[in-house]
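Nothing in this text is a laboratory measurement; each read-out follows from the coordinates by a stated rule. Not measured: the values here are computed from a predicted model. Reconstructed Cβ throughout: ideal geometry from the backbone, glycine too, with neighbour counts over all protein chains shown.
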Amino acid sequence: MKSRQLIIAPEALEDLETIYSGIAADNPAAAVAFVQDLTNQLEKLAVLGITGASREWVSPGLRAFPYRERCFYFRIDDDSFVLLRVLHGKQDVTSQFAE
C-alpha cells in the first residue's frame, strides 16, 4: 500500500458541511467532533494507502470505504486519494454519480 495525498472535491466538502449543520442544530460540540473524526479517518486512509472496495458498477474507477454509518466515495491514482462524496449509508449512490 502506498501513501497518497488527500484531496477533497467540492461536493465532498459540501457533504461534510451538511453533516456538520445537521448535527450542530442540536449539538455544536458533537458536530465538530463527528466531522473531525470523519476527517481523521480520511487522512488515515490516504496515508495508509487503503484502496477500499470497487464501485465500478456505479462509476468507472470509483472506490468506497464505509465508516460510522457513512460511506466515503473516492478515486485513487499513484499519488492522490480524491474524496468525491461522503454519503449516509442509506442514500442512493447511483443517483449521486449519474452523469
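Key figures
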| item | result |
| --- | --- |
| Simple spin-label estimate for residue 11 and residue 33 in nanometres, 7 Å along Cα-Cβ | 3.2 |
| HN-Hα J in Hz across segment 91-96 - Karplus 6.51, -1.76, 1.60, θ = phi - 60°, x for Gly and Pro | 6, 6, 5, 4, 5, 6 |
| Neighbour cut-off at most 11 other Cβ (10 Å), DSSP loop, chymotrypsin sites (Phe, Trp or Tyr not before Pro), segment 40-73 | 57 |
| Helical mean residue ellipticity (222 nm; -39500 (n - 2.57) per DSSP H run of 4+; nearest 500) of the chain | -13000 deg cm²/dmol |
| Cα point-scatterer Debye curve for the chain, base-10 log of I(q)/I(0) at q = 0.14 Å⁻¹ | -0.50 |
| HN-Hα J in Hz across segment 75-88 - Karplus 6.51, -1.76, 1.60, θ = phi - 60°, x for Gly and Pro | 10, 10, 9, 4, 10, 10, 10, 9, 6, 9, 8, 10, 10, 5 |
